[in-house]
Amino acid sequence: MKSFLIAGNWKMNMLREATRNLIDGINTGLEGLNLDNVQILICPTFTSLGLAQKLTNNSPLSLGAQNMHFEEKGAYTGEISPKMLIDSGCEYVILGHSERRQYFGEDNELLTKKIASAFVNNLIPVFCIGETLQERENNVTFKVLEYQLSLLSDFTTDELKTLVIAYEPIWAIGTGLTASEEQIYEVHSWIANYLQNKFGVTIKILYGGSLNEKNAKEILSTEFVSGGLIGGASLDAEKFLSIIQTAISIK
Ligand code: PGA
């Protein structure tokens, strides 16, 4: 049976009241569903984590953050540490999202420290990789992915077994464009082979980039796709639930 991780990346959206409504809506929709083959993760903004922790306490929803600093505490004004995320109920943390790479200059060196810190603190990293449109057009997609994945050689097999990869072609994020089934299969099978050959691990590889309730069936059914990292469509309880139901239906 295929098992999925369906993850919502809320980005910089949702005040506390909207957070409450959205989580209540998802929780209600999940009642009575058989989630044997689906794990669900939501990643609200930092200021909503405390509230989200309360609302997900007795629900199947896992909680994650969208970023973190690698140090556990100290003089890093404005930053949030892994210990703080654990304290707020997080089990997961998204690291290396393309928006963080693009707008905040996150690179392999910094991401190595963040992933190391996540492992030490028992947070599961959802490590995002992906190419720009220009890189795809220049036929360097696999070179780019290989470089982004190369930092994993710093970690042990046991650590890597807990990692989740999210393949997010940057040109498909928030654009309404999705990669075709062939493109997704090509990249996901390449990543799966790379991880197996180089590190001996078989781990979850999520697809991200305009995944929604309409294309979920095709994308999630694709071999080597073990879930989705969903932005826009995760902000709407009905759409998010519909994606979850699609995952449940794929056995
Ligand atoms: P999107 O975002 O679903 O809105 O394209 C995905 C992501 O950036 O994780």
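Could you check, for the stretch 211-220, whether at least one of its residues is on the phi < 0 side of the Ramachandran plot, small (Gly, Ala, Ser), more than 15 Å from the ligand (Cβ to nearest atom) and within 17 Å of the chain's Cα centre (by Cα)? No. Scoring GLY32 on the criteria (1) in a loop (DSSP other than H, G, I, E, B); (2) out of contact with any helix residue (DSSP H, G or I) (no Cβ under 7 Å at 6 or more places or on another chain); (3) closer than 22 Å to GLY231 by Cβ leaves a single failure, condition (3).
Number of residues in the stretch 160-178 that are more than 11 Å from the ligand (Cβ to nearest atom) and touching a strand residue (DSSP E or B) at 6+ places or on another chain (Cβ under 8 Å): the value is 4.
A single member of LYS239, LYS214, LYS204 is without any contact (Cβ under 8 Å) to a residue 12 or more places away in the chain and of a type in the set (Lys, Arg), and it is LYS214.
Across the stretch 221-245, the qualifying residues are those that are under 13 Å from the mean Cα position of the chain (by Cα) and within 10 Å of the ligand (Cβ to nearest atom), and the one among them that is surrounded by the most Cβ atoms within 10 Å (Cβ to Cβ) is GLY228.
A Cβ distance below 7 Å, combined with a sequence gap of six or more or placement on separate chains, defines the contacts here; from the stretch 1-25, residues that are under 10 Å from ILE42 (Cβ atoms) reach residues that are within 13 Å of the ligand (Cβ to nearest atom) and of a type in the set (Phe, Trp, Tyr) in the pairs GLY8/PHE240.
The C-beta contact set for the stretch 79-102 (first residue part of a helix (DSSP H, G or I) and crowded, with 24+ Cβ neighbours inside 10 Å, second residue among the acidic types (Asp, Glu) and modelled with pLDDT of 95 or more, distance under 7 angstrom, 6+ apart or interchain) comprises PRO82/GLU72. Within the stretch 103-115, restricting attention to residues that are more than 16 Å from the ligand (Cβ to nearest atom) and assigned to a loop (DSSP other than H, G, I, E, B), the residue that is farthest from TRP10 (Cα to Cα) is ASP107.
The values are calculated or read from the model by the stated rules, or taken from the named source; none is laboratory data. Because the structure is predicted, anything quoted here is derived from the model rather than measured. Reconstructed Cβ throughout: ideal geometry from the backbone, glycine too, with neighbour counts over all protein chains shown.
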